[in-house]
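In what follows, a structure is listed as structure tokens, so that the remarks can point back to it.
What follows is calculated from the coordinates using simple rules that are stated; it is not laboratory data. Quick caveat, the model's predicted, so the values are computed rather than measured. Please note: Cβ atoms are built from the backbone with ideal geometry, for glycine as well, and neighbour counts cover all protein chains shown.
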Amino acid sequence: MIKGIGGYPKGITFAGRKDIGGGGLFFSDLDLCTTQRRMMMPSFRRNALVDLSPHMTMGANAFVERMEKR
């Protein structure tokens, strides 16, 4: 996880978009952002990604097939 997240504020552009984006990771700052990132970290560990890779591959292949039919 990136240290010193406070040095990278989202700024007024993101603050003005919270009405449509809510308080999720993309729009949150500082403590809330750190908490949300920690909650998501297990999903991006190697074992989790290895388990997901066959599903991502199937989805990508299905997408390519649909695009080729167009």
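On the basis of the beta-carbon distance and an R0 of 22 Å, R37 and R17 show a calculated FRET efficiency of 0.70. Neighbours of S43 by Cβ distance under 15 Å: Lys/Arg scored +1, Asp/Glu scored -1, total +3.
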